[in-house]
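Some notes on the structure that comes next.
The values are calculated or read from the model by the stated rules, or taken from the named source; none is laboratory data. In this text, all values refer to a predicted model and were calculated from it rather than measured experimentally. A quick note on method: Cβ atoms are made from the backbone with ideal geometry, for glycine too, and the neighbour counts reach across all protein chains shown.
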Amino acid sequence: MGSSERPKKKVQLWKKAAVHFALCFVMGFFTGFAPTGSKAPTTSAATRSVILSNTSSAATPHSSQIASLRSTAGGGRINKSRKLIPQQLPGSSSDDGQPLPTHFEEVKTEEFTGAAERLIIIITPTNARDPHQGVNLRRLANTLRLVPPPVLWVVVEHMESPSGKENEVSEMLRSTGMMYRHLEYRENFTAAEAEVELEHQRNLALKHLERHRLSGIVHFAGIHNVYDLDFFDELREIE
């Protein structure tokens, strides 16, 4: 009896082991086909919430920080300020594919006030008896071309006999690329009346400005004058 029961027990143990192995295999097989992305949305949502919280905290600086980023230059001509520009980090994007701002960078900017845009009107009388007039006018023109606009150059000279041909002054003014007014007069003056002729040219230019309602800072520049460019910056600061 004992010898016949032992094979039966061994067969039962093998059957239990086979059934257990089969159950584990079936469970593992179906578990492998089950979706495993259930935790992914939770992770991405948590990551997104962290990015958004960092963005909102960086996008709303304290009032003390805003005040410290603003400064005004002296003289009331140029206002220097700093602004915060959002920058993107690689790999950070929203649901629609647009990058999310994660930090800010300070960038200095300069904006000109109304004083920097005031018109400078340069009035230059001429003298036809000066043999170096053409050279001096070109030198003055090269200086005025370096002055930041707006600049209006008014050149006054005596009208020669009408021949229908453009004179040297007109050609030079046209080649400068500047805003200019070329005024001519017919009155004749002698060499002894040089001062009277000079006053006549200045008054003629002022009447032209008044007639055309040109408003700006007027400066009388002789053709022999030599200027530093800072001089014109100081002109614009005149109240």
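For segment 185-235, name all the residues that are closer than 19 Å to residue 144 by Cα and among the β-branched types (Val, Ile, Thr).
217, 218, 223, 226
Can you find a residue in segment 185-192 that is under 22 Å from residue 138 (Cα atoms) and not aliphatic (A, V, I, L, M)?
yes
Can you find even one residue in segment 143-157 that is hydroxyl-bearing (Ser, Thr, Tyr) and surrounded by fewer than 15 Cβ atoms within 10 Å (Cβ to Cβ)?
no
Report those helices (runs of 4 or more DSSP H) wholly inside segment 131-239 carrying at least 1 residues which are within 16 Å of residue 118 (Cα to Cα) and in contact (Cβ under 8 Å) with a residue 12 or more places away in the chain.
Helices (runs of 4 or more DSSP H) meeting the threshold: 133-144, 194-211, 229-236.
So, in segment 108-130, of the ones that are aliphatic (A, V, I, L, M) and in a loop (DSSP other than H, G, I, E, B), which residue ends up modelled with the highest pLDDT?
119
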